[in-house]
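Undergrad: My structure is below; once you've seen it, I'll send some questions.
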Number of protein chains: 2
Amino acid sequence: MENNEALIIQILAHRNAAQLKLIRETYAATYGEDLLKDLDSELWSDFQRALLLWTLDPTERDAYLVNEANKQLTSSNWVIMEIACTRSSNDLFLVRKEYHARYKRSLEEDVAYHTTGDYRKLLVPLVSAFRYEGDEVNMMLAKSEAKILHEKICDKAYNHEEVIRILTTRSKAQINATLNQYNSQFGNAINKDLKSDPKDDYLSLLRATIKCLTRPEKYFEKTLRLAINKLGKDEWALTRVVVTQAEVNMQCIKEEYHKRNSVPLERAIAGDTSGDYENLLLALIGHEDA
Amino acid sequence: MENNEALIIQILAHRNAAQLKLIRETYAATYGEDLLKDLDSELWSDFQRALLLWTLDPTERDAYLVNEANKQLTSSNWVIMEIACTRSSNDLFLVRKEYHARYKRSLEEDVAYHTTGDYRKLLVPLVSAFRYEGDEVNMMLAKSEAKILHEKICDKAYNHEEVIRILTTRSKAQINATLNQYNSQFGNAINKDLKSDPKDDYLSLLRATIKCLTRPEKYFEKTLRLAINKLGKDEWALTRVVVTQAEVNMQCIKEEYHKRNSVPLERAIAGDTSGDYENLLLALIGHEDA
């Protein structure tokens, strides 16, 4: 590692959002270019891409990632779902606002235009949702909607409008109660019942949606596991999860990873990456302790 | 008219939003009750309902009206569509935020739960939209989406997901360009082609949606005309349109009304109402001049 890059990592990996913003503005003033614009270059190394993503503030970063997903074909639905389901209602709204400002279109407009069929039916309401975030749970509703989900799954109607409605409009607390009811009333976790065809991409996305809404740390653990073992189709997953979760939920994800893989996340990443990229990722996942 | 009520009208009809808020707070402090709670009473006269709606700030009023619509069966879809399509993107978002605070659920959650079929397919994305509001228009897109709309209308597929996508996600400027293209390419205004079955309630709602998105003053004129001539099913329309539009777009609506009916709106309202209710409505529609 050259001295400059070591210094950049040291500075960037330990700065908060306000300081990062200042760095970006200095960059723009110095080089006359927006860092975000540079991000579109396909010539970046993993290190450069991770570094530049990290310098964005979380709202800009999510808007950028969704826009990029809207232009791609591979795995882009997962990125859109992940951002829609794991951010807070208010943060997701701020991403939609940033999307207007930067791309002169609405986020849901682009998602609707670039998707079709079942993916569109699921993703457009997911990105448009402004879920209630209180803890209140209606148990009667949880029971009746668990029954609806079970009926539709028995009929293999995975794209039924009632399934979509429940998952895209109810609060996370309410969905959690509904899925607990499902488990109690019908004997299986819903995601087990949704595994009838493991190769069906829409079904995989539906299971991942449920995981993101109820146990995001488990979703992120699995995403990292597949990325590190090169089993996923999601080529940017390692960078994306580390960068977007570094200041959010990394401690839980690390614990989940260690439990599930019997190896600490640090060691797994060190074994899978090298050089500046490795150093940056390790600095970022240690961020909370630093 | 008693002195007290004349005074109330005089004060309330000429106050701005900040002053109205103060009045509400004074009311709450004096009577120990929230005005909005009183609104749920079914004992109110037209006058009292109009007065209390007017004292709410626009965001609270819209949240209240949508919640009320979610509990009713008659004409409620129209109220939901009207609020979703004629408010600015930011104002609609503020209504969703207010809905969380007041009803402990999300607005789209209640709309999705209380609607079915084609109405749900149209209304949920309408209330969830955060449309881009710039003037930019993509003419290529306008042409291709005009063609899509025409194909679906020829096939009588009025509830097709592409029709819904275009109307619920595109900016109002873009929709306007698309509908102009429709008119130029296919020889009819789209709403003429959507009149194949004048008794189809969904088709009527679709036409009204298009009108609200592109020519709201024409939509409000027609709504007032039907209400004043007792031809509509929308019993609260007169109060709702006058109260919600008094500080927004009343001048245009009055001009449109006069042109279409050869009678000034003031005179039409005076002929249809009486007493305090009449005085309040007249004070409100003259608000901009007052």
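Undergrad: Compute the label-point distances linking A:GLU25 to its equivalents in the other copies; points lie 7 Å from Cα along Cα→Cβ; give nm, one decimal, shortest first.
TA: Here A:GLU25 shows inter-copy label distances of 3.4 nm.
Undergrad: For peptide B:119-131, what's the mean number of Cβ atoms from other chains within 10 Å of each residue's Cβ? Before the final figure, lay out each step's value.
TA: Values: counts 0, 3, 2, 0, 0, 9, 5, 0, 2, 9, 6, 12, 5.
Per residue, the average neighbour count from other chains is 4.
Undergrad: Let me ask you something else. Name the cysteines of chain B that stand alone by the Cβ rule: no other cysteine Cβ under 4.7 angstrom.
TA: So far as the 4.7 Å Cβ criterion goes, B:CYS154, B:CYS252 stand without a partner in chain B.
Undergrad: Compare B:GLU98, B:GLU136, B:GLU266 in a GNM of chain B, Cα atoms joined below 10 Å, and give the one with the largest fluctuation.
TA: Fluctuation is largest for B:GLU136.
Undergrad: When only Cα pairs under 8 Å and 6 or more residues apart are kept, what is the percent relative contact order across chain A?
TA: Working: 301 pairs, mean separation 54.7, N = 290.
Over chain A, the number comes to 19 percent.
Undergrad: Taking the label point 7 Å from Cα in the Cβ direction, how far apart in nm is A:ASN90 from each other copy of itself, listed shortest first?
TA: When each copy's label point is compared with this one, the spacings are 1.8 nm.
Undergrad: How high is the relative contact order of segment A:139-213, in percent, with contacts defined as C-alpha pairs under 8 Å that are six or more residues apart?
TA: With pairs under 8 Å counted, the relative contact order is 32 percent.
Undergrad: So, one more: Using a simple spin-label model with points 7 Å from Cα along the Cα→Cβ vector, what separation in nm is obtained for B:LYS230 and B:ALA270?
TA: Output for this residue pair reads 2.1 nm.
Undergrad: Do the alpha carbons of any pairs in A:LYS152/A:LYS172; A:LYS121/B:LYS195; A:LYS147/B:LYS121; A:LYS104/B:LYS21; A:LYS104/A:LYS172; B:LYS156/B:LYS254 sit beyond 26 Å of each other, and which pairs? Please list the in-between numbers first.
TA: Details: A:LYS152/A:LYS172 20 Å; A:LYS121/B:LYS195 28 Å; A:LYS147/B:LYS121 22 Å; A:LYS104/B:LYS21 35 Å; A:LYS104/A:LYS172 30 Å; B:LYS156/B:LYS254 35 Å.
Cα-Cα > 26 Å for A:LYS121/B:LYS195; A:LYS104/B:LYS21; A:LYS104/A:LYS172; B:LYS156/B:LYS254; rest within.
Undergrad: Check B:GLY232: other-chain or 5+ apart residues with amide H under 5 Å from its amide H, H built from backbone geometry?
TA: Amide H neighbours of B:GLY232, under 5 Å, 5+ apart: B:ALA227.
Undergrad: Which of the listed residues, B:SER171, B:LEU141, B:VAL66, is farthest toward the dipole's positive end in segment B:37-184, when Lys, Arg count +1 and Asp, Glu count -1 at the beta-carbon?
TA: The one lying farthest along the dipole's positive direction is B:LEU141.
Undergrad: Going by the rotation axis that takes chain B to chain A, pick out the residue of B with the closest C-beta and quote the gap in whole Å.
TA: Result for the axis mapping B onto A: B:SER128, 2.
Undergrad: Among the lysines, select those whose C-alpha is under 22 Å from the C-alpha of B:LYS259, and discard any that sit fewer than 8 residues away in the same chain.
TA: Here the lysines satisfying the reach criterion relative to B:LYS259 are B:LYS192, B:LYS211, B:LYS218, B:LYS222, B:LYS230.
Undergrad: Also, quick follow-up: How big is the Rg/Rh ratio for segment A:58-106, C-alpha atoms only, Rh by Kirkwood, two decimals? Walk me through the intermediate numbers first.
TA: Values: Rg = 10.1 Å, Rh = 10.7 Å.
My calculation puts Rg/Rh at 0.94.
Undergrad: Oh, and also: In deg cm²/dmol, rounded to 500, what helix-only [θ] at 222 nm does chain B give when every DSSP H run of at least 4 residues adds -39500 (n - 2.57) and the total is split over its residues? Walk me through the intermediate numbers first.
TA: Numbers: 19 runs with 211 residues, N = 290.
Taken over chain B, the calculation gives -22000 deg cm²/dmol.
Undergrad: Please list, ordered by chain and number, the residues whose modelled amide H lies under 5 Å from the amide H of B:SER106; skip anything fewer than 5 residues away on the same chain.
TA: Answer set, sorted by chain and number: A:TYR132.
Undergrad: Which of A:ALA84, A:ALA63, A:ALA157 moves most in a GNM of chain A, Cα contacts under 10 Å?
TA: Of A:ALA84, A:ALA63, A:ALA157, the Gaussian network model singles out A:ALA157 as fluctuating most.
Undergrad: Separation between the A:GLN185 and B:LYS259 pseudo-spin-labels, each 7 Å from Cα along Cα→Cβ, expressed in nm?
TA: The modelled label-to-label distance comes out at 5.5 nm.
Undergrad: Can I ask one more? Inter-copy label distances at B:GLY134, 7 Å along the Cα→beta-carbon direction, one decimal in nm, shortest first?
TA: 3.8
Every read-out reported here was derived from the displayed coordinates using simple, explicitly stated rules and does not represent laboratory data. A quick note: this is a predicted structure, and the numbers were derived from the prediction, not measured. When we count neighbours, we look across all protein chains shown, and the Cβ atoms used for this are built from the backbone with ideal geometry, even at glycine.
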